[in-house]
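Read through the structure below, which is laid out as structure tokens, and then see the notes.
The values are calculated or read from the model by the stated rules, or taken from the named source; none is laboratory data. As the structure is a prediction and not an experimental result, all values here were calculated from the model. Note: ideal-geometry Cβ built from the backbone for every residue, glycine included; neighbour counts use all protein chains shown. What goes into the accessible areas is simple: the full protein's heavy atoms, side chains included, and nothing from ligands, DNA or RNA. Shrake-Rupley method; radii C 1.70, N 1.55, O 1.52, S 1.80 Å.
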Amino acid sequence: MAKAPLISPDNSTERTDAPATGKGRPTPTRREREKANLRPLVPTGKEARRAQRDRVQEQRNRARVGLANGEEKFLPARDKGAQRKYVRDYIDARWSVGEAMIPIMVIILILTAVPAVAAASLLIIWAYVLFAVVDCFFVGRRITKKLSDKYGADNVERGLKWYAAMRSLQLKIMRLPKPQVKRGEFPA
């Protein structure tokens, strides 16, 4: 049985219950679609390169500032963690023998140019290096004891003695992440 066309109030035979179909334009051919898709994967041109360079520079600056400020998100793996932060704060709060090593080495290097003091300066430098190594040994033991008191002896990470020694041998102004505490402000 064939359906009779519905008649609208204006006596036209168009169906009023059916939604309007069509998109109002012809379907694009395959060639037209492929041509529309032909574009470089990476934007080219001076403006695109400049914008990309600016974005990368902004990300680098943010990461550099974050690292200097000690933000956990920007720290390398060797500096992440609560125990490492404790070690950094402890080392930055104290005076260490190794901090003065670079300036003393420069002075000794200048003194080696004077023949009368060259032999004595060599002995002084070796004594100072030995003194710095002994200081690193004792600070490593002290750090391990403080961390075992705070976190438990079984929970102390490996490598913290070496981490403390390396940080204590650097000049305070050259340390990264930058010191977050002042001298004498030891962590709790």
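Largest first, the residues THR44, THR21 sort by 1.4 Å accessible area into THR21, THR44. Comparing LEU160, LEU176, LEU38 in a Gaussian network model of the chain, where Cα atoms under 10 Å apart are tied by springs, the biggest mean-square fluctuation is seen for LEU38.
Of all accessible surface on the chain at a 1.4 Å probe, what whole percent is carbon and sulfur?
Values: 8920 of 14460 Å².
Summing carbon and sulfur atoms, their accessible area is 62 percent of the total for the chain.
Note on the stretch 90-161: Cα Rg divided by 2.2 N^0.38 Å, N the number of residues, gives 1.52. Across the options GLY152, GLN57, ALA165, the greatest Cα extent toward the positive end of the charge dipole of the chain (unit charges at beta carbon of Lys, Arg, Asp, Glu) belongs to GLN57.
Of all lysines in the structure, the ones whose alpha carbon falls short of 17 Å from that of LYS182, not counting any fewer than 8 places away in one chain, are LYS85, LYS172.
Applying 1/(1 + (r/R0)^6) with r as the Cβ-Cβ distance of ASN155 and ILE110 and R0 = 45 angstrom yields a FRET efficiency of 0.40.
The charge dipole of the stretch 56-170, taken about the Cα centre with unit charges on the Cβ atoms of Lys, Arg (+1) and Asp, Glu (-1), comes to about 320 debye, rounded to the nearest 20.
Shape of the stretch 34-188 from its Cα gyration tensor (a ≥ b ≥ c, root eigenvalues): rounded if a/c is under 1.5, otherwise prolate when a/b > b/c, or oblate? The partial results should precede the final answer.
Working: a/c = 3.42, a/b = 1.64, b/c = 2.09.
The shape class here is oblate.
Rolling a 1.4 angstrom probe over the protein heavy atoms with all chains in place gives the stretch 49-188 an accessible area of 66 Å² per residue.
Hull volume per residue, based on the alpha-carbon atoms of the stretch 15-115 and their convex hull, is 317 Å³. Computed over the chain with a Gaussian network model linking Cα atoms closer than 10 Å, the most mobile of ALA36, ALA82, ALA127 is ALA36. Considering only GLY45, GLY140, GLY98, the mean-square fluctuation computed in a Gaussian network model of the chain, springs between alpha carbons under 10 angstrom, is largest for GLY45.
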